[in-house]
Each structure stands twice: as structure tokens, then as C-alpha cells.
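S.K.: Attaching a single structure in C-alpha cells format; questions to follow.
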Amino acid sequence: MVEVTLWGSLAALADNQKQVEVEARTIRELFRNLGARYPGLKPMMENDVAVSVNGVIYRDQWSKELPQDAEIFLMRRLAGG
Amino acid sequence: MSFDAKFHDRDFKSVGTRPLRPDGVDKVTGRARYGADYNLPGQLVGCILRSPHAHARIVRIDASRALALKGVKAVVTAEDLPDLTDGDASLYAVLDNCMAREKAFYDGHAVAAVAAIDARVARAALKLIDVEYEVLPHVVDVDAAAAPDAPLLHDDVFTGGIDPAPETPSNVANRSEFGHGDVEAGFAQADVIVERSYKTEQTHQGYIEPHACVASVNPDGTAEMWVCTQGHFVFRQTCADLLGMDVSKLRVTSSEIGGGFGGKTHVWAEPVALALSRKAGRPVKLVMSRDEVFRASGPTSATSIDVRIGARKDGTITAAEATLRYSCGPYPDMWAELGAMTSFACYGLENVKTVGFEVLVNRPKTAAYRAPSAPMAAFAVESAVDELAHKIGMDPVEFRIKNAAQEGSRSSYGPVYGPIGIGPTLEASRTHPHMSAPLGPNQGRGMACGFWFNFGGQTCCDLNVAADGTVALAVGTVDVGGARASLSLVAAEELGIPYEDVKAAVADTASLGYNDMTDGSRGTFSSSMAAISAARNAIAVMRERAAIMWDIPVEDVGWEDGQAIALGDKHGNRPPLTIKEIAAEAGKTGGPIAGHSELVADGAGVSFATHICDVEVDPETGATRVLRYTVIQDAGKAVHPAYVEGQFQGGAAQGIGWALNEEYVYGDDGRLQNPGFLDYRIPVCSDLPMIDTQILEIPNPNHPYGIRGVGETSIVPPLAAIANAVSNAVGVRMTHIPMSPPRILAALEGQG
Amino acid sequence: MSAIAVSTTINGDDVEYLCHAEEMLLDVLRNRLGLTGAKEGCGTGDCGACSVLLDGRLVCSCLVLGAEAEGANIETVEGMAVGDRLHPLQTKFIEHAALQCGVCTPGLLIAAKALLAQNPDPTEEEIRFGLAGNLCRCTGYDKVVRAVEDAAREMRKG
Amino acid sequence: MQYERPNSMQDATSLLADAGGKAFVLAGGTDLLVRMRGDAFEADLVVDIKSIDGLKEIRESAEGFRIGAAVSCAELGRHDALRGAWPGVVEAANLIGSAQVQSRCTMTGNLCNASPAADSVPALVAAGARAVIAGPDGTRTIPVEEVPVAPGKTSLGKAEIIEAILLDNRPPRSGDAYLRFIPRTEMDIAVVSAGVNVTLDEEGAVASARVALGAVAPTVVLVDAAAEAIVGTRLDDAALDRLAEACTAACRPIDDKRGTVAFRQKVSGVLARRAARIAYERAGGK
């Protein structure tokens, strides 16, 4: 079980839940289980989100393992110049 | 093969030196080919017809007169780019931006395009396309657009991120919020509070090369495109999606790119060129004019930002709050959200809250511009921070050092920081000679900090060892500013061979796996990681080949300084096998030698900079001259320091232009008044001083060499650094960017 | 509408071309003669990327009619190097990392050559004003100015 | 479009007289060719005057200087005698555009483009320059301030061409100066500008003066009140204050993308004051 903060505008897509507990060992599982619970988040998680795990931001590495005590933020994927 | 991306300290031989770039001679002799420098046999010239109205319903388009003109081969409208986006709102926005469908949303919005035998005929044909518009009320100002009575761009956009969901449509597309702690409780503890509102005008990336492409679609569904882009793989995907093509049948080659700064991360004319080629059955070359570049591509957001910061007399910030309204152009996006994330990222704060509002306006679709959204937020926050320091009587550097985020601080956008460089850049500014240099009358010094995320992403590269032991490195990230030199250095370093023996090139989309764009300061960070991985894979192959040549187990073969060595005592005193010797035998030991890699380069690590600036203001005219400028930034590890300095200097120069003169000026009719380099005033050579740089190297723990992205952060501090310098020079606090002479003079007279 | 026949010298070679009356020299060089070193950055004389020498004078080729070049002597970036020997400005631009994207570089090199022909020992300020007609968006001009200073030094040594 | 490059002024004016559609004179082309790129612009005939005898010459005589219409501004800057006599005019002409533009642009073209912000025109007006106009019926000479009548419009007839600008020789103790305000250091159009021309008496007081302002009205403004404010003075602060006030009062500017009414009003006085000081010093005043 990991605790995830839904950040920025994402909470609005998840019944305004800012903190949720999810059973997940990897980013892929996190997305799968979050999507099942909050279908509104699903399209977002295809391409438009990034995950911060203990301060390091992951955009694509869905196999990244999530330490169970990790601090995890789900945020909008960033644009760059 | 798993790749260990962790940083390991080492003594570098190649990395950190300043060799000549591999594409240098091509670029000084005029041989380098940019977007418009390519031609195909039988090619037509494409031109785009653009809306003269800021907001209008397209009632009818009649191209029959244009099609009747001799030499015209095709006309396309939105009908030729049907909606294949399948509910993907952001892709639909790209489609609608490339070719207006029901409404033209801004002056310059494409409504039709023509392909003809030459530019003269194409331009004449544009005048023969009859478009009937129903002109609608428009709004271009970000605050006016957010007002409840503003003309609506869309009647189906309701502000997101608000509970309960609103029932009336609005130009405010979304609300986002970040922060932690209790800001009101924090303000209650403050001895001094600064509260101000700021505005920044819309600017353009201002790359010197206009968008250009040559598209060639064959009747069998295969296609090629030559284009100036920051990401040819992304362009391929987007164009294939929009045109319903098989992705791998569209081969995209990135030309040399004449500047991008985020503006060439988005498609504009490329899908149109493909549609024209598909319809005409011939290659089509489409090159934007400068006027089109300004009217229809790339600008950043105009913003309106309220900031409130409180501190105790001892200099501790107790609470900080910002409300940010960013213009998005006609389509919902996340520019304010980015601004809200970056606002207070330099500081370790107990109580912080930022709220972003995305605002739709009748201006071109906002595009990424170097550290997108961060410079405006930094302008507002760093101006307020400076004012607060003055109010409590503390040196602005000391005040910032006292409040700077550190390893373990919770960032204002959420996560807890690892090792970061804000403190060291501030410490370096404190002792920099610039800080203590004398100032004359009407002169002032300002400083400011800046933050940007940086990111990595999908990356792929190939490293091929030729028969003579030289190495060709094929990368998939477009080289926007010297990356081929840096990546050659990294490959040479890892292989243990001289830089001169490596030549890096950017491969086309048919020759390499998918690569994300060169954006987010990721080019050198990500592709160097891929190059290291590919080199390690090639070394593994070469160790196997050496084992065959020596007829010993591969476990007994090591790799050192570009040669295979036999490990241990049992193989006698064999002289090492050099890469040249191994390569020469490749055909007899198993075939060509190559190292491949595909990876997701994550862990780019955040980036910080501190800038110091001296200005002189003419109190009678409001003219500001930048006298001295210093950039201090953390690079993790500077691979090719000359090009790292170049990034620092270039970002600072763009920031100086933004701070002082650059802005989109709209008339009451909603039309852009200054779509050219005459009146959109980017800095010229005589406007600037030398720009001093100081590179700090705090290794990124998530890169084998400790490399961080360096491309973007340098544009973040200048707006505030210059505003603070102006304030110190003549005593007026400037809250509106650009600080053009009329604005400064008005402020001086106003206080007067 | 008939085309105009023009005879010129370009980079020392006799060149003849046909152009339309309203066609700019830049378009002639790029589209008719394959000399794509000069770039179009603005088409209005504001960026200098299309700089060439016309009878020894620095001009924006986007603001010269192709027809005006009758009998003229034109020098472009393609003619700066002599054989395989780069011009000192070209060498110094590479050495000083005075280019990033490089699209403004051909124009800057031509403008710098014109400047040094008039003033072999310019001050930093003279270089900055001499190159003010050439926009560069990548470098902030710092390394460009240093490269020109260094090239001037070398050229004075002869 | 037809391109012609006549060798004589007579041929040139005939071409213009016979032209059926829209005809334009081309010298440096730095304004005309920019306009030609615009979608709305159409030309049937362009007459290039650079091959006409004498038009690329600066002739010096007992009366003064005759500057051919096709003389580039860069050449003006290289003419020592002209620069010595009329430094303000030459520096104004040399402020137009970049080195690239300088190689091509001409003062006559700057005048005929009829922009209120033209850099050389306030200096020429202050200098009392005259324009020699050739036409089918011979030549006539008029003060330069009578050439532009509105933004983009001149008083020239259909087949008329300015062939030269005349600048008189200077009496002793004379000086002129031109200053403009631009947001950058180069490459901009003047937001406001001022040209001042003075001749001093033997005691060093201003005997006569002309003050002209650019970019503050539809055409360049000759401000008599500003000149009167400094005549008889040695440019003491009070005189300069009156000069600046007169300039500010003479402005009829607009708000546009380059500046505001308030800015132009204020800065016209600032520039006139600074230009007057330079002109005065050049005239030998102390």
C-alpha cells in the first residue's frame, strides 16, 4: 500500500481526493489501480502525468518500483522549451 | 541489458574539455542545411491563408477561383484534415490550430492553404480564395478574458478544478492548486508583508529560422518529410495521427535547426504540408514568413500574477502565496499550473499556496518557451522577495540564503528535494566580484534566483565501430546548440578513445527507435545516458571479440583506455588489443561491432540559477542599459563548458529582451501590430554587455557522469534581476514586464 | 511577363541568371543558384541572416532586386574560404563556440568581414554596433564578439 | 511588374509619365522593397535611378553641397567635408538602420518615404535643406519640409523625381545635431527625435536657430517657438527649459506600438535640449 498525493488539477478528476492509498508495487500498478477507482484519471494517465517518487520525477518509466514508505505525487506531465 | 545510471565519481579525460564541434565547418561555410535549404524534384510551393480577424465564425470557403488559376495544384481546408483525434482534446487542439474548423480564433489562424508551381502563383492564389467570416467579439487581455462578462471563445468550456463544478461556461479553463502548511497562520506570524500584483506581456521565442518543411506523400501511403523541429519522432507521431497515416511509413528527417527554444516542439504547418502533398500528388515545400511566425506560432503566455509574502524581522519567510493567471491562446492547457508549481521552488517554506488559472484568449496557441511559465512567476515572486528584504532591512542575498531550499526541504510543488544547487549558487553570488563592484549615479544592482524542473524521457541511440576503430554515434535528439560535440565527448570518454575518433550525427526516424524531443533541457542529459549505455554495450561486444582473438574466456578480458586487456596472470603478458585492432578483425570474429541502447532517462534533477545584473536608467527618458550581467548556475557536470556557457548566456539574453522590450502589441481590432523584428525588439549586439558565467558542478546522483540539463533555467531569473536593478537604480518598483521606456518614465513621473 | 537576364560575378565566378522583376537577390541565390548559405530570417532587412557583399558593400540580399545585380560583384559565405583554407573569422567562430544553432552565422561572418575590411582594429563597442544588424537569438553575442576580436587580432598579424 | 534602369533623368521622368499603372522610384530600396513584400502592395513599374548620371555623387561648390538622390547614407558618413560642415545631418542619416541598410538607403528615399519618424528629415529641416525636383517640365527647388505632406504622402507630381538635396555652406560659428530616442541601441524606428541647428554671434550667443521634431505629428514639425526660446541666449538652463517646453507644446503625437503621447511629449523636450547643447558646442559655444 502506498500513499499518493494527487496534485495540482488532478484531484478534481478523482472526486477531489487529494490523498489516496493504493495497492501498488510499481508505477504501472499504481496507474492501473488508480484508473480503476477513478475513471476520470484514466485518459490523463496515458500521456499527461508524471510521478514523483521521493523527489525524483518519472515520466515514462512505468516499471519503476515504489518503495512502500515512499513519498509519491501524481502530477501533470511538464512541458519544456 | 540493465543500465546503471547512478553517479560514480571519476577523473574525466574528454568530458570537461572544449574541442571543436563536429558540425562547425558546415555551419561556417554555409553548407549546413536548415529547414528551407532542402528541395525535392517536382516540388510545389505551399502557402497558408490566415484569418485577418481575432475571432470569427467561418461561414463559407470558396476556393474555385484559386483552383482555376494556372499553376495551382491543390487547395486544402479543414475538410482535408478530418478529425481523427478520437476524443483526445489536446490532439484536437493541435489539429484545430493547424487549420481552423468552425471558427478562426486569432489573427493569423490558418483557414486554407494552397500548393502551386512557385511562390508567385501560390501567393496570387491565396488572394483568390474567398472566405466569408462572421466576425465575433474578441478578447486578448488575460484579465479581461477572465472577467465574467468577457466574450466567450467556447461555449462548452467550464472551469475545471472547482468544486462544485460551475454551470456557466467561462474562458477560465482550469484551476490548479499547490502548496502545504497554513498560509493564513503563517501570515499571522509575519512582521512584514509585501503584497503586489504584476503583469507580463506575451513574448515569442524569436528563433531566427522560420518554420520550414518539405513534405512528400506517395500514392502508396508512404511519405517523407524534411523539417526543422526539436523532435522529429514526435512530429512523425503527431502528423501520422492527424493524417491517419501508418507511423512507420512516414519518415521524418530533422534538418539543422535555426533555433527553437520550445517553439519547434509543436507542429504548425507540417500536417498542412503533408495534406497539400497528398492532395497534389507532388512534394510540397512550405516555409513560413516572419510575419506568419509571429502571428501564428509559438508565443508564451501573457500573465497577471498576485503575490503575497510575509516574513519575520529576523528574515524568516513565514508564508507565501501566489495567484497566477496565464493566457493559453484559444485552447485549454496547463501553463498556469506550471507557473504555480515553479513560483516558490527556490525556497524552503513552511506555509505556501499557489493557485493557477488557465485563461483562453484570442491569441495564438501558447507554446513552450524555454522553462515555460517559470520566468513570469519568478519575476513576480523574486520582485516581492527583494522588496521584502529591503523592508526588513536585510541584504537581499542574505535574505534569500536564509530561506533557500536545501536537501530535505519540501518543495513548494510537493516533493522533498534531494541534493540541489540553490544554496551554492547564492553563496557563489555573495562572493562574486560583481557583487561588490562600484556603481555610478542612476545605476543599480539587482539579483534574482530561478528554478526549472528539467526532464529526461525516452531515448535511443546507436554506436557503430568502423573497421578503423573510429566511431559513428547516431542519436535521436535534435542538436539545438552543440549537443553533437557533447555527446561525442561522452562516447569517447566511456570508450576510452580520443574525441576526434567519434562523430555524432542525428539519425532520421527510420534509422533509430523513438526519441522524445529536445525539450525540458533533456538533450545532453538523456542522450549522454543513452550514449554511455550504447558504449558499454559496444565494449561488451569488443571484449567478446578480444576473447575470441586471444582464445581466452571473456570473463578474463577487461577494458581500459580504449583497449582490451587480459586480466590476471594466467594469460601471460599479452599486450592489450586496441579498439583499432579489434575493429580490423571484426569481420572474422562475428561481424560488425555496434552498441545499441534504448532507455527512459528519468531522474534529470532540478536546476537552479542565481543572476546578478547592473543597469543604468536614464531618468529623463526611462531608457535602461544593462551594464554588467553574471549568471551562476549548477550544471551537474559541464560536458563541453563552452556550450554550457553559451546556454547560460543565451538564456540571459532572451530574458533581458523580455524584461526590457519584447512584447506582443495588439490593436483594438485584436490584430497583432508588430509581427516583425523591427517592432518586436529582440536584443541586438549593441544592446548587451559581455555576459559572465560561473558554472557550478553539483553532480546529479541519477546520471553516471553527474550531468544535469542546463538549457532552460538561465531564462528564469533575468526578468526579476533587471526589475530589482531598476528599482535600486531609480527607486521605482516596476510591476509590468517589459519595462519599456514609456512604462519606466510613467512610473518615474508617477512617483514624482 | 518575361524574365530579366542578369550577368554577375559571384564569389569570383561569372554567373548568368534569369529572374523576375520583383524577385529578390536572396531568392535568386537560394532558389535559382543553389547558394543556400544566405538565410531568410525576416525578409525585411531586420535580421541580417541574408547578408552578402554587393560590390564590396554589406547588404541584406532580401532587400536587393535580383535585377539590380547586373554587372555587380557578389560575395557570399560560400566564397569566404579559399580552397580548403577557412577564413580566420570562420576558424575563430568555431574555436570560440560563437555559434549554437548557426543559422545567423553566415550573415554574421559576412558582416564581420565587411566590418574588419573597414576597421581592422575595432573596439568591442565598434564590433557590437557594426554587427547590430545581425540578430542572434542563441548566444547573447558574447562569444561572437570575442571571436571577431580574436580573428581581427590574427588578421592584423597577417 | 516592369523593372527599368534608365541612364538619364529625362528617360526616368518619361518612364514615370508614360506609366499606366502604379509606378515607383527605386534608389536604395530599403523602404520600397519591404513594402513590396506586403500582400496589399502592387507595382506595375519600378524605375531604378542608380545609373543616372550624377545621382550617386556628392558635389561641393561655393554655395554648398549637392547630394545626389542615389548617394547611400554610408557614403555620406565617409565624406569628410560634409561631415565637417553638417555633422548633425550626417549623424542623422547614419542612424538609419544597420550597416546593411546604410549601404543602400538614401536621404532622398528617407525623405520621400514620408514617414514622420524618418531620421534624416528633422536634421535636414533644421538645416534648411532644399530638394531639387526633376520633372517633365524641368526642375524646381523647394524646402525639404514641403516634400512630405502626410504619412506616406509627398507633394511630388506623378512624373517627378527628387534628384538632389542641397545643403548650404555654413557661416562661421555654426553647428547642428540630431538625437532620437529608440528603445534598443540600434535597428529601431525613432519613437521621438529632434534636430537642432544654430549659428552663434561673435559673443557666443545664439544668433539664429532652427529646431525640428520627428515622430510627434503626421509630418516633421519645425518649432519656431523653440528656436525663439534660445535665440539671444547662451543656452542657460532657463532658455533650455523654455526650449523643452516649446517642443513639448508643439507635439501632436499619438499612442502607438512604439510609444505613448505622454512619452513623446516629455522626451521631445529632453532630446531637443540635449541636441541644442551639442549643436551649440559644435558651433564653438561654451
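The values are calculated or read from the model by the stated rules, or taken from the named source; none is laboratory data. This is a predicted model, so every value here is computed, not measured. Neighbour counts are summed over all protein chains in view; Cβ atoms, including those assigned to glycine, are modelled from backbone coordinates with ideal geometry. Note: accessible area is taken over every heavy atom of the protein model, side chains too, but ligands, DNA and RNA are not part of it. Shrake-Rupley method; radii C 1.70, N 1.55, O 1.52, S 1.80 Å.
S.K.: Name the GluC sites (Glu not before Pro) in segment D:183-253 that are in a loop by DSSP and that have at most 10 other C-beta atoms within 10 Å, would you?
M.R.: The qualifying sites are D:GLU202, D:GLU203.
S.K.: I would also like to ask the following. Expressed as a whole number of Å, what is the distance separating the alpha-carbon centroids of segment B:349-417 and segment B:32-58?
M.R.: 39 Å
S.K.: May I ask you to find the residues of segment D:93-108 that are shielded by at least 50 Å² of accessible area once the whole protein assembly is considered instead of their isolated chain (probe 1.4 Å)?
M.R.: So the qualifying set is D:GLN100, D:SER103, D:ARG104.
S.K.: Another question, then. Determine the share of segment C:88-157's accessible area contributed by carbon and sulfur atoms, expressed in whole percent, with a 1.4 angstrom probe.
M.R.: Whole-percent figure for carbon plus sulfur exposure: 47.
S.K.: At a 1.4 Å probe radius, carbon and sulfur cover how many percent of the accessible area of segment B:308-463?
M.R.: Summing carbon and sulfur atoms, their accessible area is 49 percent of the total for segment B:308-463.
S.K.: Per residue, how much accessible area does segment D:174-282 have with a 1.4 Å probe, in Å²?
M.R.: That works out to 35 Å² per residue.
S.K.: In segment B:542-644, what trypsin sites (Lys or Arg not before Pro) fall in a loop by DSSP, with at most 13 other Cβ atoms inside 10 Å?
M.R.: Those that pass, being in a loop and sparsely packed, are B:LYS570.
S.K.: While we're looking at this one, here's another question. Could you run the numbers on buried accessible area between D and B, total for both chains, 1.4 angstrom probe, in Å² to the nearest 100?
M.R.: 1900 Å²
S.K.: Could you work out the helix-only [θ] at 222 nm for chain B, with each DSSP H run of four or more residues adding -39,500 (n - 2.57) and the total divided by the number of residues, to the nearest 500 deg cm²/dmol?
M.R.: -8000 deg cm²/dmol
S.K.: Tilt of helix C:105-118 relative to the longest C-alpha principal axis of chain C, in degrees (0 to 90, nearest 10)?
M.R.: For helix C:105-118, the angle is close to 80 degrees.
S.K.: Ok, one more. If each DSSP helix of 4+ residues adds -39,500 (n - 2.57) and the sum is divided by the residues in chain A, what number results at 222 nm, nearest 500 deg cm²/dmol?
M.R.: -6000 deg cm²/dmol
S.K.: Per residue, how much accessible area does chain B show when a 1.4 Å probe rolls over the protein heavy atoms, in square angstrom?
M.R.: Ligands and nucleic acids excluded, the figure is 32 Å² per residue.
S.K.: On to the next question. Let me have the relative contact order for segment D:196-286, percent, based on Cα pairs under 8 Å that are six or more residues apart.
M.R.: Relative contact order comes out at 31 percent.
S.K.: For segment D:209-286 and segment B:531-603, what is the separation of their Cα centres, given in Å?
M.R.: Cα centroid to Cα centroid, the span is 79 Å.
S.K.: How much of the accessible area of segment D:2-168, in percent, comes from carbon and sulfur atoms when a 1.4 Å probe is used?
M.R.: 46 percent
S.K.: Counting only protein heavy atoms and rolling a 1.4 Å probe, how much accessible area do B and C lose on contact, total for both sides, in Å² to 100?
M.R.: What B and C bury together is about 4000 Å².
S.K.: When only C-alpha pairs under 8 Å and at least 6 residues apart count, what is the relative contact order of segment A:2-76, in percent?
M.R.: 41 percent
S.K.: Looking at segment B:287-337, which GluC sites (Glu not before Pro) are DSSP coil and have at most 16 other C-beta atoms within 10 Å of their C-beta?
M.R.: none
S.K.: Mind ordering B:156-166, B:72-82 by average Cβ neighbours within 10 Å, highest first?
M.R.: Ranking, from highest mean packing down: B:72-82, B:156-166.
S.K.: A follow-up question, please. Take each uninterrupted DSSP H stretch in chain D, measure its Cα extent along the helix axis, and return the ones at 27 Å or beyond whose mean Kyte-Doolittle hydropathy is at least -0.5.
M.R.: Span-like helices in chain D: D:261-282.
S.K.: Please list, or write none, the aspartates and glutamates whose alpha carbon is within less than 14 Å of the alpha carbon of B:LYS402, excluding same-chain residues fewer than 8 places away.
M.R.: Output for B:LYS402: B:ASP314, B:GLU350, B:ASP386, B:GLU427.
S.K.: How many Å² of accessible surface get buried when D and C come together, counting both sides, probe radius 1.4 Å, rounded to the nearest 100?
M.R.: 2100 Å²
S.K.: Per residue, how much accessible area does segment C:25-154 have with a 1.4 Å probe, in Å²?
M.R.: Result: 28 Å² of accessible area for each residue.
S.K.: Straight-line reach from B:LYS570: which aspartates and glutamates fall under 12 Å, measuring Cα to Cα and dropping same-chain residues less than 8 apart?
M.R.: Straight-line reach from B:LYS570, under 12 Å: B:ASP556.
S.K.: Right, next: Please enumerate, by chain and number, the aspartates and glutamates with C-alpha under 14 Å from the C-alpha of B:LYS70, excluding those fewer than 8 residues away in the same chain.
M.R.: Hits, sequence-local ones excluded: B:ASP118.
S.K.: Once you list every other residue whose beta carbon is under 13 Å from the beta carbon of D:SER14, what net charge do they have if Lys and Arg are +1 and Asp and Glu are -1?
M.R.: -4
S.K.: For n ≥ 4 DSSP H runs only, could you compute -39500 (n - 2.57) per run for chain C, divide by its residues and tell me the 222 nm figure to the nearest 500?
M.R.: -8500 deg cm²/dmol
S.K.: Can you tally the net charge around B:GLY71? Count Lys and Arg as +1, Asp and Glu as -1, for every other residue whose Cβ sits under 13 Å from the Cβ of B:GLY71.
M.R.: Spelling it out: positives minus negatives among the neighbours equals +4.
S.K.: Relative contact order of chain D, please, whole-number percent, based on alpha carbon pairs below 8 angstrom and at least 6 residues apart.
M.R.: Relative CO of chain D lands at 16 percent.
S.K.: Further question: Which of the residue pairs B:LYS503/C:LYS113; D:LYS153/D:LYS257; B:LYS391/D:LYS266 have a Cα-Cα distance greater than 25 Å in the structure shown?
M.R.: Distance filter (> 25 Å) returns B:LYS503/C:LYS113; B:LYS391/D:LYS266.
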